Amino acid sequence: MDAIVLKGGGPLHGTVPISGSKNAALPILTAAILFDDELVIDNVPRLRDIDTLLKLLAGLGISGSSAGDVVRLNGGGLSSCEAPYDLVRRMRASVYVLGPLLARLGRARVSLPGGCAWGPRPVDLHVMAMQQLGAEVEVEHGYLVATAPQGGLRGGKITFGVSSVGATCNALLAAATARGTTVMENAAAEPEVVSLADFLNHCGASIRGHGSK
């Protein structure tokens, strides 16, 4: 068996660049759906999941470019509400487009996700969160088909039976522009949730309590 042998005893010196968090970058990139102008996001890790999401956003009509770890996205050309199976199956986090599409367009057609090596993880918490914001959600031929009420999503109380990072992020993306106040209980408090809430606040949202349940 190969081995790595470390001999300590001396001080360490040097600088190590730290990559940005994929789990934080994915929902933040998805937030481009909410805006009709350009977002510039730094320190985005160059990983396959990031590239998959950028392809998905491009399919929705969002133009973008990347150079190094800087991604520029412009949602002004958003033209589609459908996230197809061919892309969603590659990465479960693609379901993040559900909330912002409902918020921006009032409708969404998102393939049920797949391709997750951790085994099946249902999207019922995502669906419940959208319903609590007034949306109607049905499953049709393997797609989540969601429609916002007339006048757009409205604030509501969302109580998660199980704490879920993905469902909390999707709820944040949907509720940021909903009419009224949304309260989430048993929300996920992981760093990627805090990063998304901080980002949305930087863009003008009013979110508090993130980092707690």
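The values are calculated or read from the model by the stated rules, or taken from the named source; none is laboratory data. Every value quoted in this text rests on a predicted model; they were computed, and no experiment measured them. Heads up, the Cβs are rebuilt from the backbone with ideal geometry, glycines too, and the neighbour counts pull from every protein chain shown. Protein only, heavy atoms only, side chains kept; ligands, DNA and RNA dropped before computing areas. Shrake-Rupley method; radii C 1.70, N 1.55, O 1.52, S 1.80 Å.
Taking all protein chains together and rolling a 1.4 Å probe, K157 ends up with roughly 110 Å² accessible.
Modelled this way, with points 7 Å down the Cα-to-C-beta line, the labels at E185 and K55 are 4.2 nm from one another. Accessible area per residue was computed with a 1.4 Å probe on protein heavy atoms; Y96 scores about 20 Å².
Among H210, H126, H202, what's the order by accessible area (1.4 angstrom probe), most exposed first?
The ordering from most to least exposed comes out as H202, H210, H126.
The residues of the chain expose on average 53 square angstrom of accessible surface per residue, using a 1.4 Å probe on protein heavy atoms. Think of the chain as a dipole: +1 on every Lys or Arg Cβ, -1 on every Asp or Glu Cβ, centred on the Cα centre; then among G77, A103, S206, S206 lies furthest on the positive end. A 1.4 Å probe, protein heavy atoms only, puts the accessible area of I28 near 20 Å². Using alpha carbon centroids, what distance separates region 157-213 and region 9-38, in Å? Distance between centres, Cα-based: 19 Å. Rounded to the nearest Hz, the phi-derived 3J(HN,Hα) couplings of region 5-22 under the Karplus curve 6.51 cos²θ - 1.76 cosθ + 1.60 (θ = phi - 60°) are 10, 10, 10, x, x, x, x, 9, 9, x, 10, 10, x, 9, 5, x, 7, 4, where x marks glycine and proline. Ordered by solvent-accessible area of protein heavy atoms (1.4 Å probe), largest first, the residues C169, C203, C81 come out as C203, C81, C169.
With only alpha-carbon pairs counted, each pair once and no self-pairs, how large is the Kirkwood hydrodynamic radius of the chain in angstroms? Mind showing how you got there, number by number?
On the way: mean 1/r = 0.0558 Å⁻¹.
Radius from the Kirkwood sum: 17.9 Å.
Farthest towards the positive end of the charge dipole of the chain, among the residues A32, L112, A188, is the Cα of A188, using unit charges on the Cβ of Lys, Arg, Asp and Glu. For region 159-213, dividing the convex hull volume of the Cα atoms by the residue count gives 66 Å³ per residue. Less than 5 angstrom separates the built amide H of M184 from those of I158, all sequence-distant by 5 or more or on a different chain.
If you sort E38, E136, E192 by accessible surface, 1.4 Å probe, largest first, the order is E136, E38, E192. Taking 0.36 nm per residue of separation and subtracting the Cα-Cα distance, full extension of the segment from V70 to T159 would add 28.5 nm.
With θ taken as phi - 60° and the Karplus curve 6.51 cos²θ - 1.76 cosθ + 1.60 applied, the whole-hertz 3J(HN,Hα) list for region 68-74 is x, 9, 10, 10, 10, 10, 10 Hz, x standing for glycine and proline.
In a simple Cβ point-charge model (Lys, Arg +1; Asp, Glu -1; nothing else charged), the chain has a dipole of about 180 debye relative to its Cα centre.
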